[in-house]
Amino acid sequence: MIRREGDLIEMEETGIMGFPFVSRSLVRLRPPDTWEADGRSNMGHTHNTYRLFSETYGTRLEMTFDLHLRGPYRLFAPFARRFTVRRISREWDDYVRAMQSGR
């Protein structure tokens, strides 16, 4: 986290998804159950929405991503889609296991 002012959080993320990326995001908290993130990176920009829903057996997280790739990333997107979906799915599975174990 770079800074927080009320319901607005600025953060930076780095990682490797087949190639290195650096992303800077502004996250807007919308209590009690929603938050939105606008991100810019070397790959392009995105607007993400997250909502929590109470369910009979726990809580469901709904995520919506509006991703706009630029340059060479846009050209390779059709080929990288399966890889990216598998990679992100594994990461979310890791998050769920961590939350369930209390880490």
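Laboratory data are not the source of any read-out in this text; all were calculated from the coordinates shown. The structure presented is a predicted model; accordingly, all values stated were derived computationally and were not measured. No Cβ is skipped: glycine too gets one built from the backbone with ideal geometry, and neighbour counts run over all protein chains shown.
Of the residues Ala98, Tyr57, Leu69, the one whose Cα sits farthest towards the positive end of the charge dipole of the chain is Leu69 (charges of +1 on Lys and Arg Cβ, -1 on Asp and Glu Cβ, taken about the Cα centre). For the chain, relative contact order (Cα pairs under 8 Å, six or more residues apart, normalised by length) works out to 14 percent.
When a/c is below 1.5 the answer is rounded, else prolate if a/b is larger than b/c, else oblate, so apply that to the stretch 22-81 with a ≥ b ≥ c taken from the square roots of the Cα gyration tensor eigenvalues.
Working: a/c = 4.30, a/b = 1.86, b/c = 2.31.
Because a/c hits 1.5 or more and a/b fails to exceed b/c, the stretch 22-81 counts as oblate.
Here the stretch 38-53 is scanned for amide nitrogen atoms under 11 Å from the site 7 Å beyond the Cα of Asp7 along Cα-to-Cβ, giving none. Within the listed set Arg87, Arg24, Arg70, the Gaussian network model of the chain (springs between alpha-carbon atoms below 10 Å) gives the highest mean-square fluctuation for Arg87.
As an exercise, use a Förster radius of 25 Å and the Cβ-Cβ distance of Arg70 and Leu26 to find the FRET efficiency, rounded to the nearest 0.05.
Numbers: r = 19 Å, r/R0 = 0.75.
E between Arg70 and Leu26, to the nearest 0.05, is 0.85.
Please say if the chain is rounded, prolate or oblate, where rounded means a/c under 1.5 for a ≥ b ≥ c the square roots of the C-alpha gyration tensor eigenvalues, and otherwise the choice is prolate for a/b larger than b/c and oblate otherwise? Cα axes put the chain in the oblate bin.
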